[in-house]
Amino acid sequence: MTDGRDDIGLRRAQQMVDRWITTTGVRYFSPLTNMAVLAEEVGEVARIMARRYGDQSFKPGEDPDALAGELADVLWVVMAIANQTGTDLAEAFAVTLAKKSERDATRHLNNPKLKNQ
């Protein structure tokens, strides 16, 4: 088993999350609970972004270098939800990339709001 530092791919990552949840974690939380956990994790990413790139400052005891860990927490919960719902994230991502590539092929190039920045 990898230590998690290798590029393992989405399918393998989903399998690793499933294995951990069904052994160490005992079982999956309900899908609705996982949705709430996802919202919580995204909120933690937002807090760090607001402090690092926005106008807020870090409070004493907050870790300014916690962004990577919080983003990984978001991925973990997304993979758990995908596992629960039978979603293959690798396939879903490929479909989304193809859709965006076709639909948005020139959309952003022609957006005057994105020019000269």
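The values are calculated or read from the model by the stated rules, or taken from the named source; none is laboratory data. Remember, predicted model here, so these are calculated numbers, not experimental data. We place every Cβ from the backbone using ideal geometry, glycine too, and count neighbours over all the protein chains shown. These area figures cover heavy atoms from the full protein model, side chains too; ligands, DNA and RNA do not enter into them. Shrake-Rupley method; radii C 1.70, N 1.55, O 1.52, S 1.80 Å.
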Along region 42-49, Karplus-curve 3J(HN,Hα) (6.51, -1.76, 1.60; θ = phi - 60°) to the nearest Hz, with x for Gly and Pro, reads 5, x, 5, 5, 4, 4, 5, 4
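For the chain, which longest stretch is free of loop sites, where a loop site is one of the trypsin sites (Lys or Arg not before Pro) that DSSP puts outside H, G, I, E and B and that has at most 13 other Cβ atoms within 10 Å?
On the way: sites that count: 5, 27, 107, 115.
Counting only loop sites that pass the neighbour cut-off, the longest clear stretch is 28-106.
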With springs only between Cα atoms under 10 Å apart, run a GNM on the chain and tell me which of 36, 98, 82 wobbles the most.
98
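Ignoring ligands, DNA and RNA, what percent of the accessible area of the chain is carbon or sulfur (1.4 Å)?
Values: 5010 of 8680 Å².
Exposed carbon and sulfur together represent 58 percent of the surface.
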Compute the accessible area per residue over the chain, keeping the other protein chains in place, probe 1.4 Å, unit Å².
74 Å²
The rounded separation in angstrom of the Cα centers of region 53-78 and region 1-50 is 16 Å
Computed label-point distance, nm, for sites residue 111 and residue 93 using a 7 Å Cα→Cβ extension
2.2 nm
Which ³J(HN,Hα) values in Hz, rounded to whole numbers, follow from the phi angles of region 89-100 under the Karplus curve 6.51 cos²θ - 1.76 cosθ + 1.60, where θ = phi - 60° and Gly and Pro get x?
5, 4, 5, 4, 5, 4, 5, 5, 4, 5, 4, 5
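Taking 0.36 nm per residue of sequence separation and subtracting the Cα-Cα distance, how much length would be gained by fully extending the chain between residue 101 and residue 19, in nm to one decimal? Spell out each step's value before the answer.
Working: separation 82, 0.36 × 82 = 29.52 nm, distance 3.36 nm.
Gain on stretching residue 101 to residue 19: 26.2 nm.
GluC sites (Glu not before Pro) within region 16-117: which are DSSP loop residues with at most 14 other Cβ atoms inside 10 Å?
Values: sites: 40, 41, 44, 62, 70, 91, 102; in loops: 62.
Those that pass, being in a loop and sparsely packed, are 62.
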